[in-house]
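Peer 1: Sharing a structure here in structure tokens format.
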């Protein structure tokens, strides 16, 4: 049986670049969004709608959305969220509340589907009612200069091209994920967390008996140009945060 649910894609745009002009979003942010919107139009399983939760500065993102809507078919909605009010879980929860699809696909503002079957492969595991969510394999964005540590991190975390069902390994990434809207309304992403709200949500749904699926053939361009030192710092910081989250929901720890 072919699984073709109604899909709402939520893209969170937040400009944290070190630009001298805080009145307009960075060129990189607008370019990534243009690439992502075009990639969504080309998917073998196209979303029913796209919601852009926009916490960028200025009106550059709104112009990108208007220009896209003039020449493309997928309904695209612009939902502003004040820059100072932005958080990853808060922006995502806002999108979920406004979405109409049965399945939510979450994309970070700097994440772009890397193949035309990304969405179709990503949502396929959700045909199983025991699966709460799925997340994609992340690969380096072409042309982006990456530190040695960032290349190693991507390879280690996302080296598998297989699809695996996980009931105790609660790694999950909302950089490119799919999950059930009704379940996300029942168990919202924790807005007290600045980061790793996806990791905690996965642990919460696993505790209720659901599974999380890693989909190796749903690929997304998502990489960071941070230095090796900063990447290492973030990796160790995330280990610390995961340990705190594991303790709060009484789960066995997941390796970094």
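Peer 1: Just to be sure I understand, how many residues within the stretch 159-191 are closer than 24 Å to residue 229 by Cα and without any contact (Cβ under 8 Å) to a residue 12 or more places away in the chain?
Peer 2: Residues in the stretch 159-191 being closer than 24 Å to residue 229 by Cα and without any contact (Cβ under 8 Å) to a residue 12 or more places away in the chain: 1 in total.
Peer 1: Being under 17 Å from residue 213 (Cβ atoms) and touching a residue at least 24 places away in the same chain (Cβ under 8 Å) narrows it down to one residue among 142, 125, 80, 129; which is it?
Peer 2: 125
Peer 1: Continuing with the same structure: Please find, among 67, 72, 115, the residue that is surrounded by fewer than 22 Cβ atoms within 10 Å (Cβ to Cβ), more than 24 Å from residue 184 (Cβ to Cβ) and touching a helix residue (DSSP H, G or I) at 6+ places or on another chain (Cβ under 6 Å).
Peer 2: Only one candidate qualifies: 72.
Rundown of residues vs (1) part of a loop (DSSP other than H, G, I, E, B); (2) under 22 Å from residue 161 (Cα atoms), yes/no style:
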residue	(1), (2)
191	yes, no
194	yes, no
198	no, yes
202	no, yes
212	no, yes
218	no, yes
223	yes, yes
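Peer 1: Pairs please, first residue from the stretch 229-256 and at positive phi and exposed (fewer than 12 other Cβ atoms within 10 Å of the Cβ), second anywhere and modelled with pLDDT of 85 or more and assigned to a helix (DSSP H, G or I), Cβ atoms under 8 Å, 6+ apart in sequence or on different chains.
Peer 2: Going by the 8 Å Cβ cut-off, the qualifying pairs are 250/207.
Let's see how each residue does on (1) closer than 22 Å to residue 246 by Cβ; (2) over 15 Å from the mean Cα position of the chain (by Cα):
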| residue | (1), (2) |
| --- | --- |
| 133 | yes, no |
| 136 | no, no |
| 139 | no, no |
| 143 | no, yes |
| 153 | yes, yes |
| 159 | no, yes |
| 165 | yes, yes |
| 182 | no, yes |
| 196 | yes, no |
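Peer 1: Could you tell me how many of the residues in the stretch 174-198 are out of contact with any helix residue (DSSP H, G or I) (no Cβ under 6 Å at 6 or more places or on another chain) and crowded, with 22+ Cβ neighbours inside 10 Å?
Peer 2: The qualifying residues number 4.
Peer 1: Continuing with the same structure: So residue 156 ticks every box in (1) surrounded by fewer than 19 Cβ atoms within 10 Å (Cβ to Cβ); (2) touching a residue at least 24 places away in the same chain (Cβ under 8 Å) but one. Which box is left unticked?
Peer 2: (2)
Peer 1: While we're on this one: Could you please let me know if residue 77 is more than 17 Å from the chain's Cα centre (by Cα), in a strand (DSSP E or B) and surrounded by fewer than 20 Cβ atoms within 10 Å (Cβ to Cβ)?
Peer 2: yes
Peer 1: I want to confirm something. Restricting to the stretch 25-46 and keeping residues that are in contact with a helix residue (DSSP H, G or I) (Cβ under 6 Å, 6 or more places away or on another chain) and either over 18 Å from residue 78 (Cα atoms) or assigned to a loop (DSSP other than H, G, I, E, B) (or both), which single residue is modelled with the lowest pLDDT?
Peer 2: 25
Peer 1: Also: Suppose we filter 81, 51, 29 for residues that are in contact with a strand residue (DSSP E or B) (Cβ under 8 Å, 6 or more places away or on another chain) and closer than 16 Å to residue 8 by Cα; which single one remains?
Peer 2: Sole residue among the options that is in contact with a strand residue (DSSP E or B) (Cβ under 8 Å, 6 or more places away or on another chain) and closer than 16 Å to residue 8 by Cα: 51.
The values are calculated or read from the model by the stated rules, or taken from the named source; none is laboratory data. Please read these numbers as outputs of a predicted model, since none were measured by experiment. Backbone-built Cβ (ideal geometry, glycine too); neighbour counts: all protein chains shown.
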